[in-house]
Structures are given as C-alpha cells and as structure tokens.
Amino acid sequence: MSTTITLKQLPAIEITSDNFKPYGQLIIPSKDGKIYDETDAQLNLANGIPRFYIMHLKKRGRQFNHITRHGQCTQCLGSLEGKEWLMAFAPPENKNYPDIMQLKAFKIPGNCFIKLEVGTWHAGPHFDHDFVDFYNLELSDTNVIDHFTYNFNEQDHLRFEIVL
C-alpha cells in the first residue's frame, strides 16, 4: 500500500533579532572593543568539549522531511563568503516531536550567524548555491549522542519546501 506524501510550502521570512527569539539569537556585527552583553551569543557548551569547525555542504535545495534538535548544548551556524541561506525552525521543546504549527523558515544573510537555543528544532541549512561552507559550533559528540531527528514523511506523511 502506497502512502501519499503531501508537500507543504513554507515561506521564508527575513530574519530579525525579534522574530528569531523563539528559536535562539541572531548575532550581527558589533564594534571592536564592545563589552560583552546580552547581544553576544549566550552559549551553553558545559556538557562536553566544544567543537568549532567548517562544515562543507553541497547544493541541498529547499525541500526537507526531517527536523533535528540537540538537548545538551546551544549551536551556532553561519555561512562563509557572505552567502545567503535558509533554515526552518520549531521552538525548543522537551518532546519527541516538533510543533508543526510553529514551524517557520528564515532567510539568513551571509554577514551574521545564528545561535540556537538548547532543544531548538532545525531543518537545514538549505541554499541554492552549488556549495556553502558553514562554521559550526557545537559539542564534539553532538551528532553522536545528542541528535534527535523527527521524520515528517513517516509520522505525518509530509514534506516541506522553503519558498522565497
């Protein structure tokens, strides 16, 4: 028996500090010498060894059927070379499934980075470029022991497409 998968379009909105608050922080350039304050990334990396690396991703398109969360640390992502990118989010929750009604997609410029709150559901990064290099700050074992993924295809017969 074949199950039909419904493709839902998810409009990408321009990211701002205010509209991204339910998911984390938008970190924008600041003047050199600025004193540390609440506009700086509020990190939680206490549960392991931090890992800061460059992640090379090839063209991924804008469709997704999985979303992931990490319950032990914050995560920071930003593109190199000023490339714009897209990502979808649902608010952090200590449940085994995201709140689909709060799923939002953002268009993220290449001159900033995002910090995800502990437990924020995220799908992506997505982009139309041939490749994008991203810097990624998480724990050294995040993708081994702290990587919970929800499959929309299997659970809800859904697939999403981020549209501009």
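The values are calculated or read from the model by the stated rules, or taken from the named source; none is laboratory data. Just so you know, these numbers come straight off a predicted model, no measurement behind them. Positions of Cβ are generated from backbone atoms using ideal geometry, with glycine treated the same way; all protein chains shown enter the neighbour counts. Heads up: the accessible areas ignore ligands, DNA and RNA and are worked out on the full protein's heavy atoms, side chains in. Shrake-Rupley method; radii C 1.70, N 1.55, O 1.52, S 1.80 Å.
Quick notes on this structure:
- Hull volume in cubic angstrom per residue (convex hull over the Cα atoms of the chain): 128
- Over the chain: helical MRE at 222 nm, DSSP H runs n ≥ 4 each giving -39500 (n - 2.57), nearest 500: -1500 deg cm²/dmol
- For the peptides 125-132, 83-90, 52-59, the ranking by mean Cβ contacts within 10 Å, running from highest to lowest, is 83-90, 125-132, 52-59.
- Å² per residue, accessible surface of the chain at 1.4 Å: 55
- With a Förster radius of 25 Å applied to the C-beta separation of Leu158 and Lys58, the computed FRET efficiency comes to 0.50.
- Cβ-Cβ FRET estimate between Asn96 and Ile5, R0 fixed at 22 Å, reported to 0.05: 0.60
- The lysines within cross-link reach of Lys59, meaning a Cα-to-Cα straight distance under 18 Å and a gap of 8 or more places when in the same chain, are Lys83, Lys107.
- In a simple Cβ point-charge model (Lys, Arg +1; Asp, Glu -1; nothing else charged), the stretch 10-65 has a dipole of about 520 debye relative to its Cα centre.
- Simple Cβ-charge dipole of the stretch 34-76, Lys/Arg +1 and Asp/Glu -1, about Cα centre, in debye nearest 20: 500
- For the chain, with +1 on Lys and Arg beta carbons and -1 on Asp and Glu, the positive-most of Pro29, Leu10, Cys73 along the dipole: Leu10
- Apolar share of the accessible surface for the stretch 96-153: 52 percent from carbon plus sulfur atoms, 1.4 Å probe.
- Cα→Cβ-extended label distance, 7 Å offset, between Ile28 and Asp128, nm: 2.4
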